[in-house]
1. Restricting the search to the range 88-103, which residues are modelled with pLDDT of 95 or more and not hydrophobic (A, V, I, L, M, F, W, C)?
2. I'm checking my understanding of the structure. Among residues of the range 13-38 that are assigned to a loop (DSSP other than H, G, I, E, B) and open to solvent by 80 Å² or more (accessible area, probe 1.4 Å), which one is farthest from F147 (Cα to Cα)?
3. Go through the range 62-88 and give me each residue that's crowded, with 22+ Cβ neighbours inside 10 Å and among the hydrophobic types (A, V, I, L, M, F, W, C).
4. Would you point out which residue out of E45, E41, E91 is open to solvent by 80 Å² or more (accessible area, probe 1.4 Å), under 19 Å from F126 (Cβ atoms) and over 16 Å from the mean Cα position of the chain (by Cα)?
5. Can you confirm whether D53 is among the acidic types (D, E), under 27 Å from T9 (Cβ atoms) and in contact with a strand residue (DSSP E or B) (Cβ under 9 Å, 6 or more places away or on another chain)?
6. For the range 121-136, name all the residues that are open to solvent by less than 30 Å² (accessible area, probe 1.4 Å) and in a loop (DSSP other than H, G, I, E, B).
Amino acid sequence: FPTREPELTQTGQIGMVVRDLDATIRRYVDDFGIGPWTIFEVGPENAPNLMHDGKPLEGKCRSAAAMVGSVMWELTQPLDDKGIFARFLAEKGEGVHHIAVHTANYHGLVAEFEQRGETFPLSGSFAGVGVAYLPTDKTHGVLLEVFSGMPGEAQDVIDTGNSPER
């Protein structure tokens, strides 16, 4: 049957929500030798341009990332009961929350969802990178995350319409 050109070109990350970040890291290190892990926190103070469900970010989380081959595994522990990670943990428990995929057409793909009036579960920019969690959990079984590049790369980050500056 007819198809369009592939928009998603590669899997970049598997994002999982966990209750206890440190314990989960220890299990992955002990059981499978996965690491090293980079640990970071995300909240309104260091991510002022991120939005949850079209509203300014309120929730805080602690995350860790490690490469497994060419795919980053990201573990996220909510630090409060606000935001999409806390909601996922409360509703579904621990598990795969999102899959980040590469696209050559970040701006166009985000614009498609905006034109349909969709609200992004998470959107805006972080560390100079445009990011959008596409609202695909109900239609595709999991949130898909797209991004405009990697931190430190030269790029232009566009306002997705969900940024607080607008």
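The values are calculated or read from the model by the stated rules, or taken from the named source; none is laboratory data. Computed from a prediction, not measured in an experiment: that's the story for all the values here. Please note: Cβ atoms are built from the backbone with ideal geometry, for glycine as well, and neighbour counts cover all protein chains shown. For accessibility, only protein heavy atoms count, side chains too; no ligands or nucleic acids. Shrake-Rupley method; radii C 1.70, N 1.55, O 1.52, S 1.80 Å.
1. E91, K92, G93, E94, G95, H97, H98, listed by residue number.
2. In this case the residue turns out to be R19.
3. Selection gives L75, I84, F85, F88.
4. E45
5. In short, no.
6. Residues satisfying the conditions are P121, P135, T136.
Let's see how each residue does on (1) at pLDDT 95 or above; (2) basic (K, R); (3) closer than 24 Å to G117 by Cβ:
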site: G43; (1), (2), (3): no, no, no
site: A47; (1), (2), (3): no, no, no
site: L50; (1), (2), (3): no, no, yes
site: R62; (1), (2), (3): yes, yes, no
